[in-house]
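One structure is given here, and the rest of the page talks about it.
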Amino acid sequence: MLKALHAAILVTAATWAVAAVYPRISLETLVDHSPVIVEGRVTRSWTAWDSEHKYIWTHYQLQVFDRLRGGGGTVTVSEPGGSLDGVNMAVSGAQPYVANEHVLLFLFQTPLGYWRTLGGGQGKFAVGEDGRIASAARGMEVNGAAQGTPLSAVDRMLLTQFKAMLRKMIQSRPAPKEDR
């Protein structure tokens, strides 16, 4: 009995130790739940405390090349976590960005008013030198089946084809309201 209890505790602890698990979402879900969809390049980043000085957020400024829906000339994408004032905060599932990274993003607005990547890495596509997109969801822990176009079907697609597909979807689907 005691061995079974220890085994259950170990399994539970191991489950808690893994990275965040997101529900698998489709391309249609990304479009339906993203008031902002933009292509651009990361120009700078900084960390800051939230207004209650409780959590650290890393903010990434994105120079927008193409606004497929919402956004402006620049967009600030924020992800929880970072290092500030001698404090390190890591949040499982937060998306990293790097300076000069070329991306196409599906963003939602948090209750704090920050724009975040939808569905973890599922809402972030890196644009390669070859003009093809690569989903940041590769290697990410996702569960379940999504109804609609699986993100694996668009992975490595030419950016021009992907944006043409998105524009058609966006035309036929209403933009979600911002939560602000």
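The values are calculated or read from the model by the stated rules, or taken from the named source; none is laboratory data. Keep in mind it's a predicted model, so treat the numbers as computed, not measured. When we count neighbours, we look across all protein chains shown, and the Cβ atoms used for this are built from the backbone with ideal geometry, even at glycine. For the accessible areas, the whole protein counts, side chains as well, though only heavy atoms, and no ligand, DNA or RNA atoms are used. Shrake-Rupley method; radii C 1.70, N 1.55, O 1.52, S 1.80 Å.
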- Is it true that residue 137 is modelled with pLDDT under 95 and either open to solvent by less than 40 Å² (accessible area, probe 1.4 Å) or part of a loop (DSSP other than H, G, I, E, B) (or both)? yes
- Note on the structure: Going through region 140-180 in order, the residues found to be part of a loop (DSSP other than H, G, I, E, B), at pLDDT 90 or above, open to solvent by less than 60 Å² (accessible area, probe 1.4 Å) and not hydroxyl-bearing (Ser, Thr, Tyr) are 148, 154, 155, 157
- Item | Residue count for region 85-98, restricted to those that are modelled with pLDDT of 95 or more and either open to solvent by less than 80 Å² (accessible area, probe 1.4 Å) or not in a loop (DSSP other than H, G, I, E, B) (or both) | 4
- Item | Any pair with Cβ under 9 angstrom, 6 or more apart, that starts in region 151-179 at a residue that is of a type in the set (Val, Ile, Thr) and ends at one that is open to solvent by less than 60 Å² (accessible area, probe 1.4 Å) and not in a helix (DSSP H, G or I) | 154/125; 154/133; 154/135; 160/131; 170/37; 170/68; 170/69
- Could we say that residue 76 is among the polar types (S, T, N, Q), out of contact with any helix residue (DSSP H, G or I) (no Cβ under 7 Å at 6 or more places or on another chain) and open to solvent by less than 60 Å² (accessible area, probe 1.4 Å) here? yes
